[in-house]
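Heads up, the thing below is written out as C-alpha cells.
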Amino acid sequence: MSKARSAPVRAAFIHLALIAYTLVALFPVFLTLVNSFKSRSAIFSAPMALPTPSTFSLIGYQTVLSQGNFVGYFQNSLIVTVVSIALVLLFGAMAAFALSEYRFRGNMLMGLYLALGIMIPIRLGTVAILQGMVAAGLVNTLTSLILVYTAQGLPLAIFILSEFMRTVSDDLKSAGRIDGLSEYAIFFRLVLPLVRPAMATVAVFTMIPIWNDLWFPLILAPGEATKTVTLGAQMFIGQFVTNWNAVLSALSLAILPVMVLYVIFSRQLIRGITSGAVK
Amino acid sequence: MGSLQLKSIRKAFGPHEVLKGIDLEVQDGEFVIFVGPSGCGKSTLLRVIAGLEDATSGSVRIDGAEVINTPPAKRGIAMVFQSYALYPHLTVKDNMGLGLKQAGTEKAEIDTRVAKASGMLSLDPYLARRPAELSGGQRQRVAIGRAIVREPKLFLFDEPLSNLDAALRVQTRLEIAGLHRRLKATMIYVTHDQVEAMTLADKIVVLNAGAIEQIGSPMELYNKPANVFVAGFIGSPQMNFIPAEKLGQTGAKTIGVRPEHIALSRESGDWKGKVIHVEHLGADTIVYLETEATGLLTVRLFGEHAYAPDDVVFATPDRASLHRFDANDRAIA
C-alpha cells in the first residue's frame, strides 16, 4: 500500500463528517419507521425506543389500510409521478435536442426563456393556474396535476439535457443523416441512449418534489378520487387530535415507491453525476 | 462512379464568411485531397458536398445532377469521419448495413455486400462485436467498411487518420490507397497533414481562408507552387523565404528555396553562417543556420553529417531550384 496519497488523520475526519451527515439525514426516517410500529402510548412515553414485544403494534397500518382509500391514493401518486416524469423526459429531451442541435434565429433567447422557470417558482402562479384549470374544467383531475408538474419539471430538464446533448459527437449525427436516418430516429436511436445517465439524473430531480408535493394536490385536486398520498396522510392530522400511528404509518408506506424508483434510476444517476468529470 | 462539380460555393455563418466562392471539377475516379491549415474551410466544404451543411449560395453537381436541395442520404455519397462515428449500440455488421437497410435494400443483398466489404478490410472475425470492443484502427476500418457497403458515387473522408497513432496511420493510409486502386471510386479526402496529401492524392486542392490557393498534382505543387502560401505549406521542413533585396536581386520581392536544395560546405559557398541547431534523423540531417545574408536558414542534408552548433559553414542554393515571388506573393514564372 502506498502512503503517498493517504493521510490517516484527514481520512478519519472526512469519515467522521460523512457519518455525522448520514446520521442527521437518516434520523427522521428512522424515527418515523420505528414509531410507526409502536402503540400510541409508547410513541409518547419513549419516542426514541425501538419497538419491544409489549409496545409493538400494527394499529397505525391497520388504520391506514382500513380508513380512507389509501391504495387509491398510492395509485394516484404513482400515476401522477410516473406520467409527469415521462412527459418531462420526453419533451425536455426533445426541446434540449432542438436547442443544442439546430441553429435558428432566437436559439439563445429561447434557451434562456426556457431556463427562466428554474429561477421563478411555479407556485407564484398558483392563482392563475387554478383559474385556468377551473376554466378548462380540469379541477379535481389527475390531468391538472400532471400538466402542472410537467411544466414545473421542464426548465431544469431542458437545462441539464441540452448541456449533455452538446457533448454528443456531431460526427455520429452526421453519419446517421448520411445513412438516411430521420431526425426522429437520430434523436431516439442515437442521441437518447448516449444521454441516458443525464436522463436518470433529471428523472430523480423531477420525481422527488412531485411525489412529496402537498400544495398543488390540495389546491387543484382535493377530491377523494384524486387525492395523492401526501394529501391523504393529512386527514389523520386534525386541528385538535392527530392520529400519529396512522400518520407515521402512512409516511413510512409513502417512502417505499419513491425508493424503488430511486434504486431503478440510481445506477444511471451515479454515472450521470460523474460523467464529464472523468472520461 | 461519379464526378463532382462545384460552382461558386459560398458559406457564411452569420457575418463570418467561411467559404468565399469555391469552383472545382473532380473527374470520375479521381482521388482529390483538400489540404489547408485548420479553420481554412476544408471540412465545411466537405460537409457542403455531403449535404450536412447548406451552402449560402452556389451549386453542387454529382454525376451532372444538381444536388443542392437533396438530403445527404439521397446524394449517393458515403462519408468516413475522424471520430469514426460508429453507432455504439449496433454490431459491426449492423453498423455497416444500416444505410442499406434504411434505403430498403433486400437482406440477402445487404449480407453479400457486408461480407464483401468485411473481406476486403479483414473484419470478418469482428462482425458480431460492438464498436466498444474494437481498437481504434479496427473502428476506422469498420467506418471505411460502412462507406464501401453503400457503393457510393463519391467517398468523402474527413481527416480519417487523425485519431490513429503514427504506425497505424501509415498502415491505414496504404489501405486507403489500395482501396482507391481496387474500387476505382471517386474519393474526396480532407486532411491537414501534407504527407497524407502528397502520398494519396491524384490532385491536391490547397485551401486557405475559405478560398482555393492552387489545384494540382502533388509534384506540380511541389515544383511549381503558385504563391508563397502554397510554397510554404507543401514540403517539410518548410521552404526558406528570403527577401530578394537582401540577396541584391531585382524583379522579385521574395526568393524561396527549399531546405533540400541547399548544399553545405565548411570551406566555401555563397552564404556564410553559423550553425544554431542540428536535428539528426538518420536518413536526413536538418541543420539550422543563422547567416548574415539571409537570416535563419533551414538546410536538409541526406544521410548523416557531423555538424554541431557554433560551427561556421557556407551554404549554397541550387540556382535551378529557386522560386521567385512578386510583391503580391505570386510566383514569377
If the Cβ limit is 7 Å and pairs must be 6+ apart or interchain, which residue in the stretch B:294-306 that is over 12 Å from B:LEU281 (Cα atoms) pairs with which residue that is modelled with pLDDT under 90? B:THR294/B:LYS246
Quick check, is B:ALA177 of a type in the set (A, V, I, L, M), modelled with pLDDT under 90 and within 17 Å of B:LEU200 (Cα to Cα)? no
On the given criteria, is B:GLY14 at pLDDT below 95 and either under 27 Å from B:LEU174 (Cα atoms) or touching a Pro at 6+ places or on another chain (Cβ under 7 Å) (or both)? no
Taking the stretch B:25-47 and the residues there that are in a loop (DSSP other than H, G, I, E, B) and in contact with a helix residue (DSSP H, G or I) (Cβ under 8 Å, 6 or more places away or on another chain), the one that is nearest to B:ALA65 (Cα to Cα) would be B:GLY36
Contact list, first residue from the stretch B:130-153 and over 18 Å from B:THR112 (Cα atoms), second anywhere and of a type in the set (Asp, Glu) and modelled with pLDDT of 90 or more, beta-carbon distance below 7 Å, six or more apart or interchain, is B:LYS153/B:ASP63
Using the structure shown, decide if B:ALA293 is surrounded by 13 or more Cβ atoms within 10 Å (Cβ to Cβ) and part of a strand (DSSP E or B). no
Filter the stretch B:11-49 down to the residues that are closer than 18 Å to B:SER162 by Cβ and either charged (D, E, K, R) or not assigned by TED's automatic domain parsing to the domain that holds B:LEU221 (or both) and list them by number. B:LYS42, B:ARG47
Let me confirm something: among A:SER6, A:SER66, which residue is exposed (fewer than 11 other Cβ atoms within 10 Å of the Cβ) and either over 30 Å from A:THR228 (Cα atoms) or among the charged types (D, E, K, R) (or both)? A:SER6
Tell me yes or no: at least one residue of the stretch B:198-207 is assigned to a loop (DSSP other than H, G, I, E, B), in contact with a Ser or Thr (Cβ under 8 Å, 6 or more places away or on another chain), at pLDDT below 90 and surrounded by 16 or more Cβ atoms within 10 Å (Cβ to Cβ). no
Inside the stretch A:170-212, can you point out the residues that are modelled with pLDDT of 90 or more and in contact with a strand residue (DSSP E or B) (Cβ under 6 Å, 6 or more places away or on another chain)? A:ILE178
Just need a number here: residues in the stretch B:60-98 that are among the aromatic types (Phe, Trp, Tyr) and more than 16 Å from A:ARG189 (Cα to Cα). 2
Residue that is nearest to the other protein chains (Cβ to nearest Cβ) [pool: residues in the stretch B:116-136 that are among the aliphatic types (A, V, I, L, M) and not in a helix (DSSP H, G or I)]: B:LEU134
Just checking, which of A:GLY68, A:GLY60 is more than 23 Å from A:ILE208 (Cα to Cα), touching a residue at least 40 places away in the same chain (Cβ under 8 Å), assigned to a loop (DSSP other than H, G, I, E, B) and small (Gly, Ala, Ser)? A:GLY68
Looking only at residues in the stretch A:157-203 that are more than 10 Å from chain B (Cβ to nearest Cβ) and outside any helix (DSSP H, G or I), which one is surrounded by the most Cβ atoms within 10 Å (Cβ to Cβ)? A:VAL195
Kindly establish whether B:ARG113 is more than 14 Å from A:GLY176 (Cβ to Cβ), in a helix (DSSP H, G or I) and over 26 Å from the mean Cα position of the chain (by Cα). yes
Tell me, yes or no, whether the stretch B:69-89 has at least one residue that is away from chain A (no Cβ under 11 Å), surrounded by 22 or more Cβ atoms within 10 Å (Cβ to Cβ) and modelled with pLDDT of 90 or more. no
In contact with a strand residue (DSSP E or B) (Cβ under 8 Å, 6 or more places away or on another chain), outside the structural domain of B:LYS11 (by TED's automatic domain parsing), buried (at least 16 other Cβ atoms within 10 Å of the Cβ) and touching a residue at least 24 places away in the same chain (Cβ under 8 Å): does that describe B:ARG266? no
Among the residues that make up the stretch B:184-192, is at least one of them buried (at least 18 other Cβ atoms within 10 Å of the Cβ), within 19 Å of B:ARG141 (Cβ to Cβ) and over 17 Å from the mean Cα position of the chain (by Cα)? yes
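The values are calculated or read from the model by the stated rules, or taken from the named source; none is laboratory data. Here the structure is a predicted model, which is why all the values come from computation and not from measurement. Virtual Cβ from ideal backbone geometry, glycine too; neighbours counted across all protein chains shown.
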